[in-house]
Amino acid sequence: MVNNEYGGIEKRKSLRRIYPAAARPILRFRGQKLEIKDVSRGGLRFCSCEKIKIRGWVTGRMDLIDGTSIKVEGIVVRVDNTDMGLSFIGDLKDDVYRRIAATSRLTGT
C-alpha cells in the first residue's frame with residue numbers, strides 16, 4: 001500500500017486517519033492533554049509541545065471533536081521527541097472506528 005502523504009510503502013496493517021491541527025482529538029492521560037495526530041484500527045500517534053516522558057502501558061480517554069469520549073488502552077511502541085506511537089491492546093471495534101472516521105480524513109489509499 002502506498003501512502004501519498006508520507007511517501008513510500010506503508011508498513012502499517014491499517015490505514016491511518018489523519019487529523020488536521022485545528023480538529024485534533026485529545027488524549028487524556030494522567031492529567032495530561034495530548035493532541036492526537038492520527039488513528040488507525042491498531043493504534044494512534046500523539047504529540048505534545050514538550051518532550052514526552054511516557055513509557056509502557058497507557059490507559060486514557062480520547063476526546064473527539066464531536067464531544068464523545070472513547071477509552072483507549074495500549075503500549076507505547078515509538079518515541080520521537082514530542083511524538084509517540086501507541087499500539088492498542090486490541091483493534092478498535094467497527095462502531096468506534098466509524099465515529100473516529102467521521103471526524104478525520106483518510107490517507108494511505
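The values are calculated or read from the model by the stated rules, or taken from the named source; none is laboratory data. Just so we're clear, the structure is a prediction, and the values are computed from it rather than from any experiment. Methodologically, a virtual Cβ is constructed for each residue, glycine included, from the backbone with ideal geometry; neighbour enumeration extends over all protein chains shown.
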Count - residues of segment 47-63 that are polar (S, T, N, Q) and at pLDDT 85 or above:
1
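Every residue, every condition in (1) at pLDDT below 85; (2) among the hydrophobic types (A, V, I, L, M, F, W, C); (3) buried (at least 17 other Cβ atoms within 10 Å of the Cβ); (4) in contact with a helix residue (DSSP H, G or I) (Cβ under 7 Å, 6 or more places away or on another chain), yes or no:
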| site | (1), (2), (3), (4) |
| --- | --- |
| Lys33 | no, no, no, no |
| Arg45 | no, no, yes, no |
| Asp66 | yes, no, no, no |
| Ile75 | no, yes, no, no |
| Met84 | no, yes, yes, no |
| Ser87 | no, no, no, no |
| Thr103 | yes, no, no, yes |
Whichever residue in segment 56-77 is without any contact (Cβ under 8 Å) to a residue 24 or more places away in the chain and charged (D, E, K, R) and, among such residues, is nearest to Thr103 (Cα to Cα)
Lys71
Close pairs (6 angstrom Cβ cut-off, 6 or more residues apart or separate chains): outside any strand (DSSP E or B) in segment 30-44, at pLDDT below 90 anywhere
Arg41/Ser14; Arg41/Asp91; Arg41/Leu92; Arg41/Tyr97; Gly42/Ser14; Gly42/Asp91
Within segment 4-27, residues being surrounded by 15 or more Cβ atoms within 10 Å (Cβ to Cβ) and modelled with pLDDT of 65 or more number 10
